[in-house]
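See structure below.
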Amino acid sequence: MVGILSIGYFLRNFDKKPLAVAMCVITALSILVFYFIPTDQYLRMIVVNCVGTFIFAPTAAIVWSMYEDVVAYGEYKFGRRSTGLIHSASLFSLKSGHMIAITVVGYLLAWFGYVANIEQTERSLFGIALMFSILPAIVALGKAYAIWRYLLHAVKMAEIETALAERHVANT
């Protein structure tokens, strides 16, 4: 909740694009650290999880606000707002990604020899550790890279918003 409550502070003081990239990288590092924390260090795990969650929570909201930038860009470039299309496409990709991730987790658990309700082998524990730390960290870094490639930074958005405002005034 503290992370969500801090969104306003972050957006008032930082450009969305580099902020989202930095937050994705910090999230990736906080997830990666779990691989190296001994299993008996529960308090350390809680602290790392709190830091990672604090950073991750506003990241999702910032990315959603970037969808609105895409809507504005579409209106600027093509003269039409496609809010519904942009948001439905993002929801479709989220749901498809969840479906793929769940399927991959099932296959990975089977590949590492996980069997429910028994004491796990070293191989299955290693697989669980990978799926809880290294693999999600790689995905978070991939997200950071995708956002880094995103072309709509603060200066470009200011230009687009000015042009749209002028266009709206001229059309009234």
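Where a number appears in this text, it was derived from the coordinates with a stated rule and is not lab data. Quick caveat: nothing in here was measured; it's all calculated off a predicted structure. Positions of Cβ are backbone-derived with ideal geometry, glycine not excepted, and every protein chain shown enters the neighbour counts.
Contact order, relative form, for the chain: 38 percent (alpha carbon pairs under 8 Å, 6 or more residues apart, mean separation divided by residue count). For a straight C-alpha distance cut-off of 17 angstrom, the aspartates and glutamates reachable from K156 (same-chain residues fewer than eight places away being disregarded) are D15, E68, D69, E75, E166.
Computed over neighbours whose Cβ is under 13 Å from that of L152, the net charge equals -1, Lys and Arg +1, Asp and Glu -1. Taking other residues whose beta carbon is less than 15 angstrom from the beta carbon of T59, and scoring Lys, Arg as +1 and Asp, Glu as -1, yields +2.
Compared with the direct C-alpha span, the chain from E161 to I4 gains 53.9 nm at full extension, assuming 0.36 nm per residue.
Here are several values of semi-axes √(5λ) of the Cα gyration tensor in Å: [x] 39, 19, 11; [y] 23, 21, 15; [z] 33, 20, 16. Which one was derived from the coordinates shown? Working out semi-axes √(5λ) of the Cα gyration tensor in Å from the coordinates points to [x]. About the Cα centre, and with charges only on the beta carbon of Lys, Arg (+1) and Asp, Glu (-1), how big is the dipole of the chain? Nearest 20 debye, please. Once rounded to the nearest 20, the dipole reads 320 debye. In the chain, helices alone account for a calculated mean residue ellipticity at 222 nm of -27000 deg cm²/dmol, with every DSSP H run of four or more residues adding -39,500 (n - 2.57). Span-like helix criteria (full DSSP H runs; alpha carbon extent of at least 27 Å along the helix axis; mean Kyte-Doolittle hydropathy of at least -0.5) are satisfied in the chain by 16-36, 42-78, 83-111.
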